[in-house]
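Student: One structure is given below, represented as structure tokens, and several questions about it will come after.
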Amino acid sequence: MAMVVQELIDYMNTLEIIDTHEHLPNESERLKQQVDFSTLFSQYCQSDLFASGMDLNRFFSPEVDVEEKWNVFQPHYERIKNGSYARAARLAMERFYGLNDLRSVNDAYVITERIRDGNKPGLYKRVLKDACRLRTALNFGGMSVDREYFTPVEYMTHYTDVSSQDALESFAGELGVVPRTLSEYVDSLGEMLYRKKEQGLRGIKFQYAYMRDLAFESVTTADAERVFNRIFEESQGWRAQVLGYEERRPLQNYLVHRFVELAGKFDLTVVFHTGIQAGFRNKPDNARPERLWNLVNRYTNTRFVLLHSGIPWVEEAAMLAKYFANVYLDMAWMHIISPQISVRALSEWVDLVPRNKILGFGGDYHIVEKVYGHLTMAKENIAKVLAGKVEERIMTDEEARAWAKALLHDNPAEVYHLLGV
Ligand SMILES: [Zn+2]
């Protein structure tokens, strides 16, 4: 079986990859950052370092020198180094800067020197094209992402979660109008989506799982309008915010439905964060994917991506993908959260859902080098699952390769309509 695993990894290394999910700055912005060895242990490793009890401010401060950073980091690094977040960082460190581990302050100096040396034009090509063979990455930022590497997907949550006149006025730049009525607002959002689609937008994202549950009940226009009207009626002087979080829920529900409907009309993919939330103090129950049922059932012309496949509710997410032709499971972030859960989930999904329903890799990173570490782990996990299926005679070698290509390239190309990119 080890043999089949390696053969599948070798095969995946020949493929062009479509990365479904990144939060990367353009290279020009990255090159302005002051980098050192701590850069490689930011973002997700940061949560593990926090959970292990480390003082994050000193470690990530640009004012603190390498030796002091090392002293803060070393005992906590020992605690997190065998976790899967750290593994992606270490694989990237090894590939680009020559060391897989940090054993002394001297190693921290070596990595700092090498990452600073490499922080120059060509970095993104070296990582994303040469090492990762990415055809493109769906990058979840603005429209100004560098199209050589990225395809834009934009957040729309803030347009659906309004509670002040200031917020509506701040949208004037994007919408070309300060919306004074709900119908004017929905019309201007539709025009904005159309315009952005023309400029290359491929999807829209909602991150409500960080704020509330994902049950977006149907709301009548009249009920939504009553809430919307209060924003103008009650905003005055220094009283900016007029609606509490739960009070604006009907308006959120209504606007999410309108976006989902518009996305279907303009052929944009709708991405919902489901499953584990980044950071702290989250309410896990808010992230359950099954709550999206009424949306996916109603708007059958719209394609829905369940980001992170609802992890740990991976079976619940699979039920939606099994029942509905317009629902897809996206393994973005999963492989570094837990290779074990990823392998188990993918193995179950091969049983449960058709081959076109799973997107196999999204890095979900701010630090470009780590995309490589994550991709390496994704390929290992995918190879383990598919080799197991070959061994059980559930699929042939050739079918295993077809699955690998579907996960890493063909499915994301189809879901995001990237055929011309
Ligand atoms: Zn993300």
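Student: Please state the Cα pair-distance histogram of the chain with 10 angstrom bins from zero: what percent is in each bin?
Tutor: Pair shares across the bins are 4, 21, 29, 25, 15, 5, 1, 0.
Student: Charges only on Cβ, +1 for Lys and Arg, -1 for Asp and Glu: so what's the dipole of the chain about the Cα centre, in debye to the nearest 20?
Tutor: Result for the chain is approximately 300 debye, rounded to the nearest 20.
Student: Go through Lys81/Lys384; Lys81/Lys322; Lys69/Lys370; Lys120/Lys379; Lys197/Lys283; Lys120/Lys405 and tell me which ones have a Cα-Cα distance over 30 Å in this structure.
Tutor: Lys81/Lys322; Lys197/Lys283; Lys120/Lys405, as the Cα separations exceed 30 Å there.
Student: Can I ask one more? Can you give the charge dipole size of region 294-368 about its Cα centre, rounded to the nearest 20 debye, using +1 on the beta carbon of Lys and Arg and -1 on the beta carbon of Asp and Glu?
Tutor: Details: 6 positive and 6 negative charges, 52 e Å.
About 240 debye.
Student: Each label point is 7 Å from the Cα along the Cα-to-Cβ direction; what then is the distance between the points at Glu7 and Thr300, in nm?
Tutor: 4.2
Student: What ranking do Met93, Met377, Met319, Met3 get, fewest neighbouring Cβ atoms within 10 angstrom at the top?
Tutor: By the 10 Å Cβ count, ascending: Met3, Met319, Met377, Met93.
Student: Of the listed peptides 241-247, 17-23, what is their order by residue-averaged count of other C-beta atoms within 10 Å, with the highest listed first?
Tutor: Order by mean packing, descending: 17-23, 241-247.
Student: Starting from the Cα-Cα distance between Leu99 and Ser28, subtract it from 0.36 nm times their residue separation and give me the gain in nm to one decimal. Provide the component values of the computation, followed by the final result.
Tutor: Values: separation 71, 0.36 × 71 = 25.56 nm, distance 2.59 nm.
Extending this stretch completely gives an extra 23.0 nm.
Student: With +1 assigned to the C-beta of every Lys and Arg and -1 to the C-beta of every Asp and Glu, and no other charges, what is the dipole magnitude of region 1-85 about the Cα centre in debye, to the nearest 20?
Tutor: 260
Student: Given H placed on each backbone N at 1.01 Å, which residues far from Thr269 in sequence or on other chains put an amide H within less than 5 Å of it?
Tutor: Answer set, sorted by chain and number: Gly203, Ile204.
Student: Sorted by packing (mean other beta-carbon atoms within 10 Å per residue), highest first, where do 250-257, 107-114 land? Let's see the in-between values first.
Tutor: Details: 250-257: 22.5, 107-114: 17.9.
Order by mean packing, descending: 250-257, 107-114.
Student: State the answer as a single residue: which of Ala317, Tyr365, Thr220 lies farthest towards the positive end of the charge dipole of the chain, with beta carbon charges of +1 for Lys and Arg and -1 for Asp and Glu, about the Cα centre.
Tutor: Ala317
Student: For Asp101, Asp223, what ranking results if the residue with the fewest other Cβ atoms within 10 Å of its Cβ goes first?
Tutor: Ranked by crowding around the Cβ, least crowded first: Asp101, Asp223.
Student: May I ask you to derive the FRET efficiency for Asn71 and Ser47 from their Cβ-Cβ distance with R0 = 22 Å, giving the value to the nearest 0.05?
Tutor: Given R0 = 22 Å and the Cβ-Cβ separation, E is 0.55.
Student: Please label the shape of region 294-389 as rounded, prolate or oblate, based on the square roots a ≥ b ≥ c of the eigenvalues of the alpha-carbon gyration tensor (a/c under 1.5 means rounded; beyond that, a/b larger than b/c means prolate, else oblate).
Tutor: Here region 294-389 falls in the oblate category.
Student: Then there is this: Take the alpha carbon atoms of region 101-162, find their center, do the same for region 10-69, and report the distance between the two centers in whole angstrom.
Tutor: 9
Student: Of Tyr11, Leu262, Ala332, which is farthest on the positive side of the dipole of the chain, counting Cα position, with +1 on Lys and Arg Cβ, -1 on Asp and Glu Cβ, and the Cα centre as origin?
Tutor: Farthest towards the positive pole: Tyr11.
Student: Right, something else. So if R0 is 22 Å, what FRET efficiency would Gln236 and Tyr155 give, r being the distance between their Cβ atoms, rounded to the nearest 0.05?
Tutor: 0.15
Student: Can you compute the modelled spin-label distance between Glu247 and Phe324, with each label point 7 Å from Cα toward Cβ, in nm?
Tutor: 3.1
Student: Apply the a/c threshold of 1.5 to the C-alpha gyration tensor of region 157-222 and tell me whether it is rounded, prolate or oblate.
Tutor: Taking the square roots of the gyration eigenvalues as a ≥ b ≥ c, region 157-222 is oblate.
Student: OK, next. What's the ranking of 82-92, 294-304, 390-400 by average number of surrounding C-beta atoms within 10 Å, highest first?
Tutor: The densest-packed peptide leads the list: 82-92, 294-304, 390-400.
Student: How many angstrom separate the Cα center of region 215-272 from the Cα center of region 169-207?
Tutor: Their Cα centres are 13 Å away from one another.
Student: How do Ser61, Ser338 rank when sorted from fewest to most other Cβ atoms within 10 Å of their own Cβ? Walk me through the numbers on the way to the answer.
Tutor: Details: Ser61 14, Ser338 18.
Ranked by crowding around the Cβ, least crowded first: Ser61, Ser338.
Where a number appears in this text, it was derived from the coordinates with a stated rule and is not lab data. The shown structure was predicted, so the numbers you read here are calculated from the model rather than taken from an experiment. All Cβ positions, even for glycine, are placed from backbone atoms using ideal geometry, and neighbour counts span all protein chains on display.
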